[in-house]
Each structure stands twice: as structure tokens, then as C-alpha cells.
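To start, the structure itself, in C-alpha cells.
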Amino acid sequence: MSRNAESTAFRSALEVIRAVEPRVADAIGAELTDQRESLKLIASENYASPATLLAMGNWFSDKYAEGTVGRRFYAGCQNVDTVEALAAEHARELFGAAHAYVQPHSGIDANLVAFWAVLADRVESPALKKAQVRQVNDLTEADWFALRRELGNQRMLGMSLDAGGHLTHGFRPNISGKMFDQRSYGTDPATGLIDYDRVAEAAREFKPLILVGGYSAYPRKVNFRILREIADSVGATFMVDMAHFAGLVAGKVFTGDFDPVPHAHIVTTTTHKSLRGPRGGMVLCQPELADQVDRGCPMVLGGPLPHVMAAKAVALAEARRPDFADYAQRIVDNSQALADGLLRRGAKLVTGGTDNHLVLIDVSGYGLTGRQAEQALLDSGIVTNRNSVPQDPNGAWYTSGIRIGTPALTTRGLGTAEMDQTAELIHTVLTQTTAGANADGTPSKAKYALDPALADKIARQATDLLAPFPLYPTVDLA
Ligand code: DSN
């Protein structure tokens, strides 16, 4: 696509918006500037292609389309059917999945759709069968009361939050923790790695309805074949949340035992992280769960977002191109180069390295909390997020970790040499930052000191590092 076509498209869009509310047009332009200028290391973010972004800004946004392709609760959905069917087809082909549901608005939504599909399949359907009725409206009040109790009393076993699991894998502050009786498996305190024997032991003791695999802050591969065997041994449905590493699965970096799709009954993902699509979610599943998954809207989801499904179709088509596999491999090469650069300079990393797109620095090695480190890095033009480490003494707010990831910088074209320089910038900031104290002299978990001149110098170096790799080089808004 020529520079002209993309520049014209975005410039024209901003001109139209500016005529109505100039402050919105200005904010959109400013966001591009900010993204261009910052060293973005947030492991869950990326830069979608101009085609993906443009597919979202149109009249598909005006259409209601509850239901699924060919079975809608509204008339006039023929064009929505086209894009939803296309997105699902690309997803099935890309991941080798039997069924794809592309309506979830986010990863949390995708997980809720998956949970309710499993509950419907494993708990509700047998209850309806037993009562010899077709649907819940036909149950007696007593049977309905009993079914609601049963639905609300099921068990889930997932990875603990501080070991890298996600809030939606059954944690109390989240709806998943209120819906399920939950237990966690953690990681080996000595290695930081998943101990599959301990997972099997926990599954045998707890007998979950759902075993959840997947993570948002675990820097290693997971053996999904072993987790499936564990699930089978206790009659659990095996669900994998691959939101973080979907791009590595799509790009065939994670294959065999490390590809969740052939092993799990149901797989959820977001579409905007390493997969590099629009902000949204998706569910892939085995045929026996397909009907229940397709009831996601209006069971759990509000009306689907046809404009985002159009963008999912575009992004998934991009991910099916051969160059996406090269991109996925470079994400991991960069992540390993970043980890090596940090280790060589003396940083402490959870698990001692990485197999995937993310690195988790234990910043207690620098005498800092995650919050202090995150702010000091931000002052220096380096955008990261603080994250718990296993058995974190500082809790989920202050934390002791910094999670960094390479999907976004890899999209810009930075390579392993630039990752080593990035490691140098991060290490310099963290060694030069000192933890502050509260007014009463006790150590503060939030206050810190970093020479502003040094922060400015690092920020300039970060900008210099990015300069040869312009973001959206085909888009010129000037
Ligand atoms: N917010 C996502 C992440 O950063 O990992 C997951 O919810």
C-alpha cells in the first residue's frame, strides 16, 4: 500500500472528525505522536496495521447483529454475516481449529463465553435431560433452583495470579472467582517453572470441572499435552487462555505439545496482543462445544461489534501470510536477546530467562518495588508495567516485578542489537533509581529518586534507538 493512500485515508478521517470536535482529532493525532516516540515494552500491546485500523472506522458500527451467522435476532445482517464468517474462517484455518467464535469484545468476554459454554454443556444440559425438558424455561421452580445452585458451585483449577495466571482464571475480585470454587497451581519456588506433578496432585485432590492453562506473566512455554492428560485423568474440561501468546501459536513458534489448540477442549484469546489485530477476543473450540459457544451473545455478550469483526478478518488474513511466522520468531529472538542483555548486566529474572514474548524482571534485586521501577522507567521514556512476581511480598498494587515484552518493538522492526541497547537503558535507570522514604522515615513503596537529567538523557537515547524504525512509516499526518 502506498504512503499516499494510507496518509490520505487517515488525514481525511481526522479532517472530518476535526470539523465536529477538534479536541478528539487532536487527541488521536497526539496518541500517534506519543506511540511513535515511546519505547513501548508493554507485553500485551502491539501496533495493528493501517488496514486493520481502517476496517474499524465505518458504518458496520451502526448495525445490531445478535445471534450468529445466518441466525440473527435482527434483519439486514447479510454484510455482517460476510465479515463474521470470513473472520471465523481465517481463525479456523490459521489455528487449525474445528470452530471459531469471533464476537467477544475482549479477553475477559471470551473467557466468560467459554466458562458458560462449559457450564451449559457439563451442568445445564444433563439437568435438562434428566428433567426431560428442552430448555430452562420448562423446568419446575424446584428444578430451576437446584440447577442454579449447581451452576454456581462448580470448581476451577488455574494458575495463581502471582505465578503469572490471569485475574479471570478464578480470582475472588473477578467475576470468575465469584462464579467458581477456585484453587490455584503455582510454580516451583526454586526454578519459577510449572511443576506438572504438583498440578496433577492438585487436580486429583480438587477434582475441578475446568482446568485452565495459560498466563499473562509467565515467561516460559507450557506443555499443553501434559495439562490435557491431567484434565482427562480427573474428567475436567481443559481450557487454555492463549491471549498473550496467540501470535506465537499463529506464527508456528509454539507447535506440538506447546500449541494449545489440538490439546484443549476450548481456547480463548484476545486479538490485539501478539496476534496484532484489533482490540477484541475470540473463542476456538472442539465441535462438541460449538453450539454452546455460539450462544455467547446475548448469553454473556452485548451486541457484537461488526466493525471489529471486520478488522479481525483483516488481521487474521495478515497473520496467515508467510511473513507473520517470521515476525513471530523475531518476537521470541528479541525477547531472548533482551533477557540475555539484562542477565549479563546483573538483573534478576523470574525463571532466569524466557521462551516467549515476555520477560519478568524481579526488581527487588535493584532495591525497588515494581511501582517505583515502573515510574522511573516511564520518566525515562520507557513504557512498561509493574507486575507481581511469585510469592510477591509487595502485593498486587506495588509488586516486585516489571513485565516487559517485545511484540510491539518487533513490529517496528527493532532487532536483537537494539534489544541489547534497550537492556542497557533499563538497567541504567534501575541501578540509578533509589527507593524513597515516608515522612516518618519508614521505607516508601511508591516514592523514589532519579536524577531528572539522567532520565532526560535516557529518554533521548530511547528516541534515538527508535529513530531508524519509524512507526506507521506509510502514515504522514503533516
Ligand atoms: N491486560 C492484559 C495484560 O496486560 O496482560 C490482560 O488482561
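The values are calculated or read from the model by the stated rules, or taken from the named source; none is laboratory data. Note that the structure is predicted; figures quoted are calculated from it, not measured. For neighbour counting, all protein chains shown are included, and Cβ atoms are generated from backbone atoms with ideal geometry for every residue, glycine included.
One table, with the values for the structure above:
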item: Every residue from region 148-168 that is charged (D, E, K, R), out of contact with any helix residue (DSSP H, G or I) (no Cβ under 6 Å at 6 or more places or on another chain) and without any contact (Cβ under 8 Å) to a residue 40 or more places away in the chain; result: Arg148, Arg149
item: Qualifying position, being within 23 Å of the chain's Cα centre (by Cα) and free of Cβ contacts under 8 Å to residues at least 12 places away in the same chain, among Phe180, Phe171, Phe145, Phe224; result: Phe171
item: Among (1) within 16 Å of the ligand (Cβ to nearest atom); (2) surrounded by fewer than 16 Cβ atoms within 10 Å (Cβ to Cβ); (3) farther than 22 Å from Asn385 by Cβ; (4) not hydrophobic (A, V, I, L, M, F, W, C), the one test that Pro173 misses; result: (3)
item: Filter result for the condition that a residue is in a loop (DSSP other than H, G, I, E, B), within 25 Å of Ser216 (Cα to Cα) and acidic (Asp, Glu), over Asp333, Asp355; result: Asp355
item: Region 204-220, subset surrounded by fewer than 22 Cβ atoms within 10 Å (Cβ to Cβ) and among the hydrophobic types (A, V, I, L, M, F, W, C), residue nearest to the ligand (Cβ to nearest atom); result: Leu209
item: Subset of region 185-212 (residues that are farther than 16 Å from Val234 by Cα and either touching a Phe, Trp or Tyr at 6+ places or on another chain (Cβ under 6 Å) or of a type in the set (Gly, Ala, Ser) (or both)); result: Gly186, Ala190, Gly192
item: Residue in region 101-117 that is nearest to Phe324 (Cα to Cα), counting only those that are away from the ligand (no atom under 16 Å from the Cβ) and touching an Asp or Glu at 6+ places or on another chain (Cβ under 8 Å); result: Val102
item: Tally of residues being more than 17 Å from Leu41 (Cβ to Cβ) and without any contact (Cβ under 8 Å) to a residue 40 or more places away in the chain across region 372-396; result: 2
item: Criterion: β-branched (Val, Ile, Thr) and within 16 Å of the ligand (Cβ to nearest atom) - qualifying residue of Ile426, Ile404; result: Ile404
item: Count - residues of region 157-170 that are more than 14 Å from the ligand (Cβ to nearest atom) and polar (S, T, N, Q); result: 1
item: Any hit, region 458-473, residues being at positive phi, part of a loop (DSSP other than H, G, I, E, B) and at pLDDT below 95; result: no
item: Counted residues, region 221-263 - those being part of a loop (DSSP other than H, G, I, E, B) and more than 16 Å from the ligand (Cβ to nearest atom); result: 15
item: Residue in region 433-452 that is closer than 30 Å to Leu54 by Cβ and modelled with pLDDT of 95 or more present; result: no
item: Filter pass, Gly192 being more than 16 Å from the ligand (Cβ to nearest atom), within 28 Å of the chain's Cα centre (by Cα), assigned to a loop (DSSP other than H, G, I, E, B) and buried (at least 16 other Cβ atoms within 10 Å of the Cβ); result: yes
item: Residues within region 45-101 that are touching a Gly at 6+ places or on another chain (Cβ under 9 Å), crowded, with 19+ Cβ neighbours inside 10 Å and assigned to a helix (DSSP H, G or I), tallied; result: 1
